[in-house]
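Read the structure below first, then the notes.
The values are calculated or read from the model by the stated rules, or taken from the named source; none is laboratory data. Since the model is a prediction, treat every value here as computed from it, not as a measurement. Glycine gets a Cβ as well: all are built from the backbone with ideal geometry, and neighbour counts include every protein chain shown.
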Amino acid sequence: MGSSLSVPTGRRERQKLEREHRILAAARRLFDRRGYLDTSMEDVAHRAGLAVGTLYNYFSSKDQLLLALSRIDTEHLLNIGERILADPPTDPVEAIGALTEVMVNGITAGERRLWRELFVASIAAPDTLGARLFALDMRLIAQLTMMLDLLKAWGSIDASVDTSRAAGLFYGICLTWTIAFATRNDLTIETMRAEISESVRITIHGILPRSIAKKRGS
């Protein structure tokens, strides 16, 4: 009798996961095509082939759907970043560039309109959705910090560098161009990638003449 009870439990868990996947796939499709603001929970339920009440059993709001999709995307980027950290380039420009390139690929995977609406939704609910989305971004900043810590240990960057603040600086570069990507339809992915790459290079090498930089660092 014990074994017969375990089978339905496993089946229910598989059914639950399958429904979650269907819901999230439907939400992603609709958010990309119609936009976040123009998609209703009823639309998502219909696309997923579920009753609206069933959808609310899994996700209580559109914000929760958006946050779940953001978590999935962030986990994907972090997994790629972990592989880079396992065997990173020793050149600091290449090392940081490898991680920012992961972010660029994550940015350009979505529709521009969805990014615009994501910013609007985050600003409209800064203490809930905005805070939770920023918490996900903080994990990307932490990964940049880990890379900078490695570079510092190797002597590839100055020992006095505050790696967490430097990581925030590189994140800020990516965020700036994410906003530009969302708001400027004429901005090509190639231009954004080139601008981020050059900004990383300038940030790492500095803009002061070497003689002045050396004097101020002493």
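Candidates T100, T90, T74: the one that is touching a residue at least 40 places away in the same chain (Cβ under 8 Å), under 30 Å from T145 (Cβ atoms) and more than 24 Å from the chain's Cα centre (by Cα) is T90.
Looking at D158, is it surrounded by fewer than 18 Cβ atoms within 10 Å (Cβ to Cβ) and over 18 Å from S70 (Cβ atoms)? Explain how you work it out, then say what you get.
Values: surrounded by fewer than 18 Cβ atoms within 10 Å (Cβ to Cβ): yes; over 18 Å from S70 (Cβ atoms): yes.
Answer is yes for this residue.
Residues that are more than 12 Å from I23 (Cβ to Cβ) and of a type in the set (D, E, K, R) within segment 41-65 comprise E42, D63, listed in sequence order. State the number of residues belonging to segment 119-155 that are over 21 Å from the mean Cα position of the chain (by Cα), hydrophobic (A, V, I, L, M, F, W, C) and surrounded by 15 or more Cβ atoms within 10 Å (Cβ to Cβ). Final tally of qualifying residues: 2. Does segment 61-89 hold any residues that are at pLDDT below 95 and among the polar types (S, T, N, Q), and which are they? Passing the criteria: S61, Q64, S70, T74. For segment 172-191, filtering for residues that are surrounded by fewer than 20 Cβ atoms within 10 Å (Cβ to Cβ) and either touching a residue at least 24 places away in the same chain (Cβ under 8 Å) or hydrophobic (A, V, I, L, M, F, W, C) (or both) leaves 7.
With the requirement that a residue be exposed (fewer than 14 other Cβ atoms within 10 Å of the Cβ) and part of a helix (DSSP H, G or I), what does segment 26-51 give you? So that I can check it myself, show each step before the final result.
Within segment 26-51, the first condition is being exposed (fewer than 14 other Cβ atoms within 10 Å of the Cβ), and the residues that meet it are 33, 38, 40, 42, 49, 51.
Hits for segment 26-51 are R33, E42.
For segment 65-107, the set of residues classified as among the polar types (S, T, N, Q) and surrounded by 15 or more Cβ atoms within 10 Å (Cβ to Cβ) consists of S70, T74, T100, listed by residue number.
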